[in-house]
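The values are calculated or read from the model by the stated rules, or taken from the named source; none is laboratory data. Keep in mind that this is a model prediction, so the values were computed, not measured. Every residue, glycine as well, gets a Cβ built from its backbone with ideal geometry; the counts of neighbours run over all protein chains shown.
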Amino acid sequence: MARIDGRNLAISWIAGVMCAGVILALVWFAIPIMPTMAEFVGESLRNAVP
């Protein structure tokens, strides 16, 4: 994508790093809810199976 006319390799690299940073930040903020989600999914599966 960076080799298309009008695209700068440095800018696309910086944008990619920023996007990866945003994704990592979202994962970091989601980590505390994981035990609660695991419990919720486990209870749902236990109740769904007779």
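Which of the following residues is among the small types (Gly, Ala, Ser) and assigned to a loop (DSSP other than H, G, I, E, B): GLY42, GLY16, GLY21, GLY6?
GLY6
Only one of TRP28, TRP13 is modelled with pLDDT under 95 and either over 20 Å from the mean Cα position of the chain (by Cα) or of a type outside the set (D, E, K, R) (or both); which? Quick ask: steps written out before the conclusion?
On the way: TRP28 fails: modelled with pLDDT under 95.
So the residue among TRP28, TRP13 that is modelled with pLDDT under 95 and either over 20 Å from the mean Cα position of the chain (by Cα) or of a type outside the set (D, E, K, R) (or both) is TRP13.
Pull up region 35-50, narrow it to residues that are surrounded by 10 or more Cβ atoms within 10 Å (Cβ to Cβ) and of a type in the set (A, V, I, L, M, F, W, C), then point me to the one that is nearest to the chain's Cα centre (by Cα).
Of everything passing the filter in region 35-50, MET37 is nearest to the chain's Cα centre (by Cα).
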